[in-house]
Amino acid sequence: MSGRVYNFSAGPSMLPLEALERAGAEITNYAGSGMSVMEMSHRSKVFQKIFDDTQAKFRKLMNVPEGYKILFLQTGASGQFSMVPLNLIGKTGKADYAVTGNFSNIAYKEAKKYGQIHLAASSEDKNHTYIPAQSQLDLDPEASYFYYCANNTIYGTEWSYVPDTGAVPLVCDMSSDILSRQVDVSKYGVIFAGAQKNMAPAGLTVVVIREDLAGHELPFTPLMMNYKTMIDKDSMYNTPPCWCIYMLGLVLDWLEEQGGVPGMEKIKHAKAQMLYDTIDSSRLFTCAVQPGSRSDMNVTFRTASEELDAKFVQESVAAGFTNLKGHRSVGGMRASIYNAMPTEGVEKLCDFIRKFDKEN
Ligand SMILES: Cc1ncc(COP(=O)(O)O)c(C=O)c1O
């Protein structure tokens, strides 16, 4: 479709064109219902089918085993920073947190309101440019859960391994890399993700929870922040984010066509490798993140000068790329190359980086 740019936004970010076009074609009259999905009762048969199909597609693509529920909530990923401790910390009153960036730090601070929170690992000593190794995790066997963020959107780091915490359940924020790589869900207690990067428009938060972990919330847990409320009503205690759920269904159809998660894993890794190779072999650009901790989703890089960074960003816009400016807290540049970013977009960005490298 003409006029579309390569949008490297960290989120909300690009959605697959096929999904957008399907939504466009169905926007005023969904499947002969005479109305848009946006106008439909969430209790209607038509919507219930959209909901059930989307949940089933997600279960299949993520290989979610029995004993786990998939919830479609409105909390935002940030809402889970409260919901997780409210629901899970009651077991022992204690939890372990790994702080490897901005969002896990917010989650860590939030959790402190509800129990005894132990900093099991931190990468702050090196400005979050690496992921701590398993041997660096200071684990408390009495923790109710161990919390980490799989991919650090701002710093461009990603856990390459699943922490081994023994019997302590893993809780993971997968907001910025969900569905980009294969995950053994059975290793987790709770997985959650805001939709606005790899799944759907903003407004939907997907939670995958081992069912037995729900129902032990702190007594003052707000009704709407209780996993059990949502499990019992299959996410429909109140009005769910209907449009986003519908869009997720379309995105999952597209993902299936890419070979599902294993297919996407190959594609996204090749895209990221191409970009890191281009940065590493340039004269001007460097990536501060240690090899082995580099994110396949958010690639951070910079030159030695802020003026040159600004020039790069400015010229990139003229070349048809948007949102390459790094996060305000980090500076430099960041290319967010989520699932929907076509390989061609990354190839063109690499060409642009090489050209800029030569000319400056
Ligand atoms: C890893 C991660 N967690 C949490 C959030 C916060 O998400 P939300 O805006 O849905 O609360 C973000 C947002 O970018 C994120 O990247």
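Read-outs throughout are calculated quantities, based only on the coordinates presented, and are distinct from any laboratory measurement. All values reported here derive from a predicted model rather than from experimental measurement. Quick reminder, even Gly has a Cβ in these numbers, built from the backbone with ideal geometry, and neighbours come from all protein chains shown.
Does region 260-359 come out rounded, prolate or oblate by the C-alpha gyration tensor, with a ≥ b ≥ c the root eigenvalues, rounded set by a/c under 1.5 and, if not, prolate when a/b is larger than b/c and oblate if not?
Prolate, since a/c reaches 1.5 and a/b exceeds b/c.
Given points 7 Å out from each Cα along the Cα-Cβ axis, report the E21 to K311 separation in nanometres with one decimal.
Placing both labels 7 Å along Cα→Cβ, they lie 4.0 nm apart.
I need the calculated FRET efficiency for the pair D184 and A270, taking r as the beta carbon distance and R₀ as 22 Å, to the nearest 0.05.
Details: r = 23 Å, r/R0 = 1.02.
FRET efficiency, D184 to A270: 0.45.
Could you check the spin-label model distance between K348 and E39? Points 7 Å from the Cα along Cα→Cβ, value in nm.
3.6
Go ahead and estimate [θ] at 222 nm for the chain from helices alone: -39,500 (n - 2.57) per DSSP H run with n ≥ 4, summed, over the residue count, rounded to 500.
Estimated from H runs of four or more residues: -11000 deg cm²/dmol.
Which of the three applies to the chain, rounded, prolate or oblate, going by the alpha-carbon gyration tensor with a ≥ b ≥ c and a/c under 1.5 meaning rounded?
In terms of gyration-tensor shape, oblate.
Relative contact order of region 260-359, please, whole-number percent, based on alpha carbon pairs below 8 angstrom and at least 6 residues apart.
Relative contact order for region 260-359 comes out at 33 percent.
Build a GNM of the chain with springs between Cα atoms under 10 Å: which of N105, N226, N127 gets the top mean-square fluctuation?
Top of the fluctuation ranking is N127.
I want to check the label-to-label distance for D234 and K113. Put each point 7 Å from Cα in the C-beta direction and report it in nm to one decimal.
Roughly 3.2 nm, to one decimal.
Would you mind checking K94/K233; K57/K268; K113/K187; K228/K325; K49/K91; K113/K228 for any pair whose Cα atoms are more than 32 angstrom apart?
K228/K325; K49/K91
Could you work out how far the C-alpha centroid of region 197-242 sits from that of region 299-319, in angstrom?
41
Of all DSSP beta bridges located in the chain, what percent are antiparallel, nearest 5?
Numbers: 20 of 38 bridges.
Approximately 55 percent, going by the DSSP bridge assignments.
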